[in-house]
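Notes follow the structure.
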Amino acid sequence: MKHSNIFHKISRAVYNYLMFFLLVAFLVTCTTSLFISIFSSTLNFELTTENIEAAAKVTFLNVILLSILFTVIDAIRRKLTTEKITKHIVDAAKKVVEGDFSVRIEPVKNLGVDEKFSEIIDCFNKMTEELGSVETLRTDFIANVSHEMKTPLAVMRNYGTLLQAPDLSEEKRIEYAKGVTDGSRRLAEMMTNILKLNRLENQQIYPEITEYDLGEQLCECFLQFENIWEKSEIEIDTDIEEDVKVKADAELLSLVWNNLFSNAFKFTKPGGKVSVSLKTTESFAVVKVQDTGCGMSKEVGKHIFEKFYQGDTSHSSQGNGLGLALVKRVVDIMQGEISVESTLGVGSTFTVKIRRM
Ligand code: ADP
């Protein structure tokens, strides 16, 4: 390896030298022939063979020396402007190959350096930054999934142990069995959400666009929560414009409404109010889901669309922080918009805009 390296270096130096030699020889021959021919014709003197021979020898030596000088100067220039930077880039790329995505290359400010290098370095730094964040997302995702799985599994194990006790009353047996079923339901829900999100993110779900009545869909979804609002004595208010047609994937959008309604009811205390409205603008159908629930701080509001984020931990057992991540993904796929306005202790309003045509 080392020998072939040295051989490569020597042959490269010889090649460079030959190139300079040919260049200098060509330049010197052209300029001296021109100079001598003009000089001899204007001064009217004859060149003898001896004269030419002596001049040719000196010129040849001169060409050899000049070529050596140029080769050395060029080698130094390359070392300073190209090789040093290429070595930095190669070293950094090797670190990336080994899995270190924290590596960054210092931008070059040297005047003699080709500006293409700055572009390469810029792209390289952006690439490692992206790779780093993808890696963090991946490890965070695995950590989050494991964490979310541990809780229901521990609950199920406890109930399972309790169920093994002899002489259990019928009431206790039902209670413990319900604990196990609830835990497994939570796990199954989380897995379904993860799979859905994964398929949405990898674009494996292709939206099936049809034209349908959005108002009807909102009413149908909202009615599914009737038991909850009756049980919790939550006041409801609907203001739904009639005959609002949208071209969208109805199944995916029902996921959005179900999640928003379920959150509104989950975070609203008995006696509170949940409202849903549908209005239209020229190009959008605007759905607002409003509640008088616990609301959220600005800081929480910034993260609610992230996977596994739960701002309000008091309801953590009723969800897994994937609902709004799914909602956001679906709205993005439908090229719509979603925003939230919320005041801590007062309530929240989620606004979703869906394109009408
Ligand atoms: P989860 O299923 O755990 O509720 P989501 O993704 O649906 O997860 O919501 C993420 C977080 O957003 C919740 O933990 C909560 O802090 C906040 N949030 C969502 N909807 C509301 C709401 N209507 N009122 C107050 N906070 C909400």
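The values are calculated or read from the model by the stated rules, or taken from the named source; none is laboratory data. Here the structure is a predicted model, which means the values were calculated and not measured. Reconstructed Cβ throughout: ideal geometry from the backbone, glycine too, with neighbour counts over all protein chains shown. Each accessible area value is taken on the protein alone, full model and side chains, heavy atoms only, with ligands, DNA and RNA left out. Shrake-Rupley method; radii C 1.70, N 1.55, O 1.52, S 1.80 Å.
For this structure, a couple of remarks:
- Per the Cα gyration tensor, segment 1-40 maps to an equivalent ellipsoid with semi-axes of 38, 5, 4 Å, ordered largest to smallest.
- Radius of gyration (Cα atoms) of segment 110-237, expressed as a multiple of 2.2 N^0.38 Å: 1.84.
- Extension gain from A154 to K245, taking 0.36 nm per residue of separation minus the Cα-Cα distance: 28.1 nm
- Cβ-derived FRET efficiency at R0 30 Å, V346 paired with S283, nearest 0.05: 0.45
- Charge sum, other residues only, whose C-beta stays under 14 Å from C123's C-beta, Lys/Arg counted +1 and Asp/Glu -1: -2
- Set of aspartates and glutamates near K231 by C-alpha distance (under 20 Å), chain-local residues within fewer than 8 positions excluded: D182, E220, D291
- Evaluating kT/(6 pi eta Rh) at 10 °C and 1.306 mPa s, with the Kirkwood radius of segment 1-97 over Cα pairs in the Stokes-Einstein relation, gives 94 µm² s⁻¹.
- Average projected area [Cα convex hull, segment 53-154], square nanometres: 9.2
- Once the Cα-Cα distance is subtracted from the 0.36 nm per residue extended length, the A13 to K126 segment shows a gain of 37.1 nm.
- Highest-fluctuation residue, T59, T49, T281 considered, GNM on the chain with Cα pairs under 10 Å: T49
- Over all pairs of different C-alpha atoms, segment 207-357 has a mean inverse distance whose reciprocal, the Kirkwood radius, equals 15.5 Å.
- Counting only protein heavy atoms and a probe of 1.4 Å, the accessible surface of the chain is 59% carbon and sulfur.
- Three principal axis lengths of segment 110-172 [C-alpha, angstrom, descending]: 88, 13, 10
- Net length available on complete extension from E106 to K302 is 67.3 nm, with 0.36 nm assigned per residue and the Cα-Cα distance removed.
- Anchor K94: lysines whose Cα lies under 25 Å away (excluding residues fewer than 8 positions away in-chain): K2, K9, K79, K84, K109, K116, K126
- Each of L163 and M357 was given a label point 7 Å from its Cα along the Cα-to-Cβ line. The distance between the two points is 5.8 nm.
- Computed over segment 8-62, the ratio Rg/Rh where both radii use C-alpha atoms and Rh is Kirkwood: 1.18
- Per-q log10 I(q)/I(0), segment 139-194, q = 0.22, 0.27, 0.28 Å⁻¹ (Debye; single scatterer per alpha-carbon; no solvent): -0.79, -1.00, -1.04
- Gaussian network model of the chain, Cα within-10 Å springs - most flexible of V330, V97, V300: V97
- Estimated FRET transfer efficiency when R0 is 56 angstrom, pair F26-V134 (beta carbons, to 0.05): 0.55
- Label zone at T210 (point 7 Å along Cα-to-Cβ), backbone N below 19 Å, segment 248-270: 248-258
- Relative packing of peptides 87-95, 34-42, 321-329, 217-225 - highest average C-beta neighbours within 10 Å first: 321-329, 217-225, 87-95, 34-42
- Rolling a 1.4 Å probe over the heavy atoms of the protein chains gives the chain an accessible area of 66 Å² per residue.
- Descending by average beta-carbon neighbour count within 10 Å, the peptides 182-192, 259-269, 343-353, 163-173 line up as 259-269, 343-353, 182-192, 163-173, the highest first.
- Rh by Kirkwood over Cα pairs, then Stokes-Einstein D for the chain at 1.306 mPa s and 10 °C, µm²/s: 57
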